[in-house]
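See structure below.
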Amino acid sequence: MRKWLSFLLALAMVFACAGFAAAEDGDLPEDDEGYTGGDDWDDDDWDDDDWDDDDRDGGDWDDDPPEIPEGAVAFGGGWYYRLLEDGTAEIALYAGEEEHVVIPSEVDGIPVTSVGERAFEENSWIGSVVIPEGVTRVGKYAFGDCGHLETVEIPGTVEVLGDSAFIRCHRLRSVVIPEGVTELGSHLFFDTYFTEIALPDSLRVIGDHAFQCSSLESVVIPEGVTWIGGYAFSSCLKLTSVTIPDSVIHVGDNPFSGSVPLEVRFSDPHPYLEIKDGALFSKPDSRLIEILEAPEGGVCTVPEGTKVIGRGAFSGTRFTSVVIPDSVEEMGDYVFYTCVSLKSVLIPDSVKSVGEGVFAGCSSLEEVRLPAGTGPARMMFDGCRSLVSVEIPEGAEKIGGYAFRDCKKLASVTIPATVTSIGERAFSGCASLETLAIPESVTGFGTDPFYGCKKLTVTVKPDSAAEQYCIDFNLPYEAAE
């Protein structure tokens, strides 16, 4: 139950940090998720009996006692360790109830060099932790969801802070990352509330989502850092400035989404980065990483010379139309995700690759032109509830899964004879779709592509795979000559 509650609380915090009432701003779906628009939640889904005072205040393992890791050796006081291949020890679990915890530097005469994965996870008693000299690594989720943890002392011997090591430690107010640490794992300080942090000169990598939804107010990234991961500082609502050194040679997708207005500082010229027309660019691949200054309403123009529009680059912005130049060749996943004011987009034929979910959640989108030979990718128009008609261009070969899900006003779709497959629930929830001509070139159908299309009658060629599909699944159809 505790893990389920933690998931609910984390989800709620993501929504809050993103600044949306009904949809996320900049937090893009994982690969197996789509845009739901908030309609799937029901009061019946929440059971008051699932809430327990112990989940909120801590102080009891009875509901969900910690699982002893396989192969772990107990040595008293709630401590468990395991031996590593190099002959040193790793703290595998702390199941004690002390408020102030000092991790032992050795166990049974064996030096401790690692704090293991999930070793302290969800321990609601600890308020402070001292990690001893000699520890070189803090593992994944080591202190994840330690809701009362306020201070951590990290020694200079630590080199790697693993993924999600301090995720959702809401009371954590002070962290000193010592010299020697070279890598900050993904989601390391996700959803934490400290306002400042000093990064060491030894640092080289800042992982994906490392500080997402934190309360940082300003960040100076030290010289020597080469890699800033995707969403590293996204949804940091108090963040006003970030300084990036010349050593950076990679910036991932949407590093500051939901953190604007934001001043991004770096040398001019910078060997890797530049800002053009309010957008952050990667020079080597002419990639628009993220829009930093999007207009409220009106037209947004992608700068000439852009070749790639990165994943989620415009997600959550509020302009009504966008101009894309002929220089653009590729558009990543979720480029315009939840751009709820966007009404029209014309994609030029120079674009040869369009990712999934590009317009997902664009609830005001009314007009769109797809480039030649490009079909609707997975979740491309998911939740576009104002979209009335779409013409799929010649040369397109497939309609992706959930491509038009919940396009409630969609009344007309033209499918060319080059299309060979229609994906899973591609048209599910298209309540206004009454007719659809499926060419005989279509031979593949995913699961329930027309789920919830209660008014739909499809037109098919006699003896075609589409006709057989209609017969097999009792879908109303008409045979066309």
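Taking only region 136-147 into account, find how many residues are open to solvent by 40 Å² or more (accessible area, probe 1.4 Å) and in a loop (DSSP other than H, G, I, E, B).
If we filter region 136-147 for residues that are open to solvent by 40 Å² or more (accessible area, probe 1.4 Å), which is where we start, we get 136-137, 140-141.
Okay, now just the ones that are also in a loop (DSSP other than H, G, I, E, B), so 136, 140-141.
Going through region 136-147 one residue at a time, the tally reaches 3.
Taking the options Val413, Val345, Val419, name whichever one is open to solvent by less than 10 Å² (accessible area, probe 1.4 Å) and assigned to a strand (DSSP E or B).
Details: Val413 fails: open to solvent by less than 10 Å² (accessible area, probe 1.4 Å); Val419 fails: assigned to a strand (DSSP E or B).
That would be Val345, the only listed residue that is open to solvent by less than 10 Å² (accessible area, probe 1.4 Å) and assigned to a strand (DSSP E or B).
Pick out the one residue from Ser105, Ser114, Ser124 that is surrounded by fewer than 19 Cβ atoms within 10 Å (Cβ to Cβ) and either in contact with a Phe, Trp or Tyr (Cβ under 6 Å, 6 or more places away or on another chain) or among the small types (Gly, Ala, Ser) (or both). Reasoning before the result, please.
Values: Ser114 fails: surrounded by fewer than 19 Cβ atoms within 10 Å (Cβ to Cβ); Ser124 fails: surrounded by fewer than 19 Cβ atoms within 10 Å (Cβ to Cβ).
Of Ser105, Ser114, Ser124, the one residue that is surrounded by fewer than 19 Cβ atoms within 10 Å (Cβ to Cβ) and either in contact with a Phe, Trp or Tyr (Cβ under 6 Å, 6 or more places away or on another chain) or among the small types (Gly, Ala, Ser) (or both) is Ser105.
What tally of residues in region 434-464 results from selecting those that are part of a loop (DSSP other than H, G, I, E, B), open to solvent by less than 20 Å² (accessible area, probe 1.4 Å) and either out of contact with any Leu (no Cβ under 8 Å at 6 or more places or on another chain) or without any contact (Cβ under 8 Å) to a residue 24 or more places away in the chain (or both)?
Within region 434-464, residues that are part of a loop (DSSP other than H, G, I, E, B), open to solvent by less than 20 Å² (accessible area, probe 1.4 Å) and either out of contact with any Leu (no Cβ under 8 Å at 6 or more places or on another chain) or without any contact (Cβ under 8 Å) to a residue 24 or more places away in the chain (or both) number 4.
Given the condition over 30 Å from Ile154 (Cβ atoms) and either in contact (Cβ under 8 Å) with a residue 12 or more places away in the chain or not charged (D, E, K, R) (or both), answer yes or no: does some residue in region 245-258 qualify?
Applying the first criterion (over 30 Å from Ile154 (Cβ atoms)) to region 245-258 yields none.
No, there is no match, as no residue in region 245-258 is over 30 Å from Ile154 (Cβ atoms) and either in contact (Cβ under 8 Å) with a residue 12 or more places away in the chain or not charged (D, E, K, R) (or both).
What are the residues in region 305-341 that are part of a loop (DSSP other than H, G, I, E, B) and among the small types (Gly, Ala, Ser), if any? Don't jump to the end; show me each part of the working.
To start, the set of residues in region 305-341 that are part of a loop (DSSP other than H, G, I, E, B) comprises 305-307, 310-320, 324-329, 332-341.
Gly305, Gly310, Gly312, Ala313, Ser315, Gly316, Ser327, Gly332, Ser341 - these are the residues of region 305-341 that are part of a loop (DSSP other than H, G, I, E, B) and among the small types (Gly, Ala, Ser).
State which residue is surrounded by the most Cβ atoms within 10 Å (Cβ to Cβ) when the search covers only region 83-97 and only residues that are closer than 26 Å to Gly147 by Cα and either among the small types (Gly, Ala, Ser) or at pLDDT below 95 (or both).
The first filter runs over region 83-97 and keeps only residues closer than 26 Å to Gly147 by Cα, leaving 90-97.
Restricting the remaining residues to those that are either among the small types (Gly, Ala, Ser) or at pLDDT below 95 (or both) gives 92, 95-97.
Numbers: Ala92: 24, Ala95: 17, Gly96: 14, Glu97: 16.
Among those that are closer than 26 Å to Gly147 by Cα and either among the small types (Gly, Ala, Ser) or at pLDDT below 95 (or both), it is Ala92.
Asp201 passes all but one of (1) of a type in the set (D, E, K, R); (2) within 27 Å of Gly278 (Cβ to Cβ); (3) modelled with pLDDT of 90 or more; which number fails?
With respect to (1) of a type in the set (D, E, K, R); (2) within 27 Å of Gly278 (Cβ to Cβ); (3) modelled with pLDDT of 90 or more, Asp201 is out only on (2).
Going through Ala396, Ala403 one at a time, which residue ends up being open to solvent by less than 20 Å² (accessible area, probe 1.4 Å) and under 26 Å from the mean Cα position of the chain (by Cα)? Spell out the reasoning first.
Working: Ala396 fails: under 26 Å from the mean Cα position of the chain (by Cα).
Testing whether each residue is open to solvent by less than 20 Å² (accessible area, probe 1.4 Å) and under 26 Å from the mean Cα position of the chain (by Cα) leaves just Ala403.
Being open to solvent by 20 Å² or more (accessible area, probe 1.4 Å) and touching a Ser or Thr at 6+ places or on another chain (Cβ under 7 Å) is the filter; apply it to region 329-342 and report the residue that is farthest from Lys408 (Cα to Cα). Before you say what the answer is, go through the steps one by one.
If we filter region 329-342 for residues that are open to solvent by 20 Å² or more (accessible area, probe 1.4 Å), which is where we start, we get 329-330, 333, 340-341.
Applying the additional criterion that residues be touching a Ser or Thr at 6+ places or on another chain (Cβ under 7 Å) yields 329-330, 340-341.
On the way: Glu329: 31, Glu330: 29, Val340: 15, Ser341: 17 Å.
If we take residues in region 329-342 being open to solvent by 20 Å² or more (accessible area, probe 1.4 Å) and touching a Ser or Thr at 6+ places or on another chain (Cβ under 7 Å), then Glu329 is farthest from Lys408 (Cα to Cα).
Within region 160-190, restricting attention to residues that are hydroxyl-bearing (Ser, Thr, Tyr) and in contact with a strand residue (DSSP E or B) (Cβ under 8 Å, 6 or more places away or on another chain), which residue is surrounded by the fewest Cβ atoms within 10 Å (Cβ to Cβ)?
Filtering region 160-190 down to residues hydroxyl-bearing (Ser, Thr, Tyr) leaves 164, 174, 182, 186.
If we keep only those that are in contact with a strand residue (DSSP E or B) (Cβ under 8 Å, 6 or more places away or on another chain) as well, we get 174, 182.
Working: Ser174: 12, Thr182: 15.
Only one residue fits best here, namely Ser174.
Can you confirm whether Glu121 is in a loop (DSSP other than H, G, I, E, B) and touching a residue at least 12 places away in the same chain (Cβ under 8 Å)?
Numbers: in a loop (DSSP other than H, G, I, E, B): yes; touching a residue at least 12 places away in the same chain (Cβ under 8 Å): yes.
Against the criterion (in a loop (DSSP other than H, G, I, E, B) and touching a residue at least 12 places away in the same chain (Cβ under 8 Å)), Glu121 qualifies.
Filtering region 295-328 down to residues that are buried (at least 20 other Cβ atoms within 10 Å of the Cβ) and among the small types (Gly, Ala, Ser), which residue is nearest to Gly252 (Cα to Cα)?
Gly310
Residue-by-condition table, conditions (1) within 26 Å of Asp333 (Cα to Cα); (2) in contact with a helix residue (DSSP H, G or I) (Cβ under 9 Å, 6 or more places away or on another chain):
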site	(1), (2)
Cys384	yes, no
Val388	yes, no
Asp406	yes, no
Ile438	no, yes
Asp463	no, no
Gln468	no, no
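Would you pick out the residues in region 204-226 that are open to solvent by 10 Å² or more (accessible area, probe 1.4 Å), in contact (Cβ under 8 Å) with a residue 24 or more places away in the chain and farther than 17 Å from Lys140 by Cα?
Within region 204-226, Ser218, Glu223, Thr226 qualify.
Residue-by-condition table, conditions (1) touching a strand residue (DSSP E or B) at 6+ places or on another chain (Cβ under 7 Å); (2) under 21 Å from Glu367 (Cβ atoms):
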{"residue": "Ser386", "(1), (2)": "no, yes"}
{"residue": "Pro393", "(1), (2)": "no, yes"}
{"residue": "Gly401", "(1), (2)": "no, no"}
{"residue": "Val413", "(1), (2)": "yes, yes"}
{"residue": "Ala417", "(1), (2)": "no, no"}
{"residue": "Ala426", "(1), (2)": "yes, yes"}
{"residue": "Lys454", "(1), (2)": "no, no"}
{"residue": "Asn474", "(1), (2)": "no, no"}
{"residue": "Ala479", "(1), (2)": "yes, no"}
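I'm checking my understanding of the structure. Among residues of region 234-247 that are surrounded by fewer than 21 Cβ atoms within 10 Å (Cβ to Cβ) and out of contact with any helix residue (DSSP H, G or I) (no Cβ under 8 Å at 6 or more places or on another chain), which one is nearest to Pro261 (Cα to Cα)?
The initial filter retains those residues of region 234-247 that are surrounded by fewer than 21 Cβ atoms within 10 Å (Cβ to Cβ), namely 237-238, 240-241, 243, 245-247.
Next cut, out of contact with any helix residue (DSSP H, G or I) (no Cβ under 8 Å at 6 or more places or on another chain) only: 238, 240-241, 243, 245-247.
On the way: Lys238: 10, Thr240: 7, Ser241: 9, Thr243: 15, Pro245: 20, Asp246: 23, Ser247: 25 Å.
The qualifying residue nearest to Pro261 (Cα to Cα) is Thr240.
Determine whether region 378-388 contains at least one residue that is touching a Lys or Arg at 6+ places or on another chain (Cβ under 9 Å), modelled with pLDDT under 95, open to solvent by 10 Å² or more (accessible area, probe 1.4 Å) and of a type in the set (A, V, I, L, M, F, W, C).
No: zero hits.
The values are calculated or read from the model by the stated rules, or taken from the named source; none is laboratory data. All values reported here derive from a predicted model rather than from experimental measurement. Every residue, glycine as well, gets a Cβ built from its backbone with ideal geometry; the counts of neighbours run over all protein chains shown. For accessibility, only protein heavy atoms count, side chains too; no ligands or nucleic acids. Shrake-Rupley method; radii C 1.70, N 1.55, O 1.52, S 1.80 Å.
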